[in-house]
Amino acid sequence: MKNVAAIFLAIVMCIGVSGCVSPAGSDDGSLVGEDMIGAVAIIRADFEDISWGVVSIDPKDYGITDDQLRCVSMPDFSEYILGELIAYYLYTDGAGSEGSAEVLYERFMEAPNTVLTYMALIGDQKARGGSSGNDTAVDELCRAIASADVAWHDVTDEFSEILAKYQSIYPDGRIAGILSRLEKEREAAIERNR
């Protein structure tokens, strides 16, 4: 009797699992077969390499000195890895802040998924705290990226397209929140520049 019950349960589980993986019909709008493989390949090709070992916003973790943060000599931001660039931006001001914000904007435009993923991993950490003293590092980064698009690049269509594209990829979760913040910061920057 125990064997019959075990076999019955195994059959029921197989039927349930096969229902979960059976291909959808072409009339329901879902992708199947070759169409699905092509769509997955397109999406995967769009995601950039995110193979950093550590996510940190502390400049000391990247060997950034106080002299560099004070802009005694302007660093070549194009040589900074993403984490280093973010840490520098979050702990400097003046020309160093503007220079690093511009390069951060360029990195976002070139590799939005990489920047969004890194920002999502930063989480709710705080650096300087922004003008209110309570802003998270991500809030400060969103403000820098969005403000650069408005002030230095005259509100580009490409920025809008990136936001729309990634909002469809990330409809909810931490990255969706970052995208929403970028959009709000951009609207605020547009209002400030009127």
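What is the sum of charges around ILE64, taking Lys and Arg as +1, Asp and Glu as -1, for the other residues whose C-beta is under 10 Å from the C-beta of ILE64?
It works out to a net charge of -4.
Quote the charge dipole size of region 59-192 about the Cα centre in Debye, to the nearest 20; the model charges only the Cβ of Lys and Arg (+1) and of Asp and Glu (-1).
420
Can you pull the one-decimal nm distance between simple spin-label points at ILE81 and GLU158, each 7 Å off the Cα toward Cβ?
About 2.6 nm, to one decimal.
What chymotrypsin sites (Phe, Trp or Tyr not before Pro) in region 85-194 are in a loop by DSSP, with at most 15 other Cβ atoms within 10 Å of the Cβ?
TRP152
From the phi of every residue in region 108-123, what ³J(HN,Hα) in whole Hz does the Karplus formula 6.51 cos²θ - 1.76 cosθ + 1.60 yield, where θ is phi - 60° and glycine or proline is x?
Those phi angles translate into 4, 5, 7, 9, x, 5, 4, 5, 4, 5, 4, 5, 5, 6, 5, x Hz.
Spelling out what I want: for every residue of region 62-71, take phi, set θ = phi - 60°, compute 6.51 cos²θ - 1.76 cosθ + 1.60 (Karplus), and round to whole Hz; glycine and proline get x.
With coefficients 6.51, -1.76 and 1.60, one gets 10, x, 6, 8, 4, 4, 5, 5, 7, 6 Hz.
No value in this document is a laboratory result; all are computed from the given coordinates. Values in this document were obtained by computation on a predicted structure and should not be read as measured data. Cβ atoms come from the backbone with ideal geometry, glycine included; neighbour counts cover every protein chain shown.
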